[in-house]
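Okay, structure first, notes after.
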Amino acid sequence: MYYWFYQSFYMAKVLSFIGGWLADRLWGDPEGWPHLVVGFGKAISLGEKMLNKGNGRVVKGGVMAFILVAGTYLLCERILVLAGYLCPLFSSILIGVGVFYCLAGKTLVKEVRAVFEAVDRSVEEGRKQVGRIVGRDTSHLSPQGIRAAALETLAENLSDGVVAPMFWFALLGLPGMMAYKMVNTLDSMVGYKNERYFEFGQIAATLDDIANYIPARLTAWLMLAVSGNLNKMDFVRRFGPAHASPNSGYPESALAAILNCRFGGTHDYFGKPVEKPYIGTNERAFVMEDMLTAIKINTHAELAMGLIVCLISTIIH
């Protein structure tokens, strides 16, 4: 009897994951809906304004990051335990909703497709559209630069926005997935190496590097596997570590290998040019077909990762 209940609980968890995942694939992030990450951002912004001043900014930033990440994990865990005690079905629904809010696969694909369509209409429209999904200055990007930025972001965010959240769900359930989203949001807000955040965001950036270390490399492997290009792992090993980020270069180099293209070069961040090492050697123009191929690879890699999560969640629990 106990074994049946135990197995039923974890089957419900897997079904909840599948429900949340399918909801993201169908709807993405509906505009106008309240979003979990917005709440994370407000908490981070409040803490940053209170603590990012005076001496000891590295420690203050680290304390804030620890409280927010650990607090997110523990709060989510407590809510699920309470919900499960009151009504197991309610707990399952919460898991599905949480997964839905933690994934960004559909929205990422939608935004990248919109960039390619916009730049075909006008360069200014393309610059404005790509500015929605990248942190760099887009005001002077050429059509080639716009398309390259969109493809780089597509690859990088397949890891950050899809594979990594799924990875942490497989290991630590929804609390782990939520904690990862807090880590990733922290890095996106205070992890910059500029005057304001260099000290305060150091620990947040390090946490993000650690949290994404395995998922980034797993993402690259999945991309090559679903495209039938596992023989190009040497390309990824060569160019992946060249990126300034210890992780972003791996999915970007996988996409560069698949498309036989080159990413990288000089980009503007906060008014300053940043020279990024080139990933790949074939400098060529990007076309609509590249975007369609990249989206297909992303979709298939996400499907493969989702199936892996279901399998792991069933076996290890």
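The values are calculated or read from the model by the stated rules, or taken from the named source; none is laboratory data. Since the structure is predicted, the reported quantities are computational estimates derived from the model, not experimental observations. All Cβ positions, even for glycine, are placed from backbone atoms using ideal geometry, and neighbour counts span all protein chains on display. Please note that ligands, DNA and RNA were not included when accessible areas were found on the heavy atoms of the full protein model with its side chains. Shrake-Rupley method; radii C 1.70, N 1.55, O 1.52, S 1.80 Å.
Some values worked out for this structure:
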item: Residues of the range 280-317 satisfying the condition of being crowded, with 21+ Cβ neighbours inside 10 Å and β-branched (Val, Ile, Thr); result: ILE297, VAL309
item: Filter result (surrounded by 13 or more Cβ atoms within 10 Å (Cβ to Cβ), touching a residue at least 60 places away in the same chain (Cβ under 8 Å) and under 25 Å from the mean Cα position of the chain (by Cα)) within the range 73-90; result: TYR73, CYS76, GLU77, LEU80
item: Number of the condition not met by LEU36 [criteria: (1) in contact with a Phe, Trp or Tyr (Cβ under 6 Å, 6 or more places away or on another chain); (2) open to solvent by less than 30 Å² (accessible area, probe 1.4 Å); (3) under 25 Å from PHE200 (Cβ atoms)]; result: (2)
item: Selection within the range 47-72 - under 12 Å from VAL190 (Cβ atoms) and either of a type outside the set (D, E, K, R) or touching a residue at least 40 places away in the same chain (Cβ under 8 Å) (or both); result: GLY47, GLU48, LEU51, ASN52, ARG57, VAL58, LYS60, GLY61, GLY62, MET64, ALA65, LEU68
item: Single match in ILE67, ILE79 (criterion: under 13 Å from PRO175 (Cα atoms), modelled with pLDDT of 95 or more and part of a helix (DSSP H, G or I)); result: ILE79
item: Members of the range 84-106 found to be part of a helix (DSSP H, G or I), small (Gly, Ala, Ser) and farther than 13 Å from PHE169 by Cβ, listed by number; result: GLY84, SER91, SER92, GLY105
item: Output for the range 107-142, where each listed residue is under 21 Å from the mean Cα position of the chain (by Cα), surrounded by 16 or more Cβ atoms within 10 Å (Cβ to Cβ) and in a helix (DSSP H, G or I); result: THR107, LEU108, VAL109, GLU111, VAL112, ARG113, ALA114, VAL115, PHE116, GLN129, VAL130
item: Condition broken by LEU103, with the remaining ones in (1) in contact (Cβ under 8 Å) with a residue 60 or more places away in the chain; (2) over 24 Å from the mean Cα position of the chain (by Cα) satisfied; result: (2)
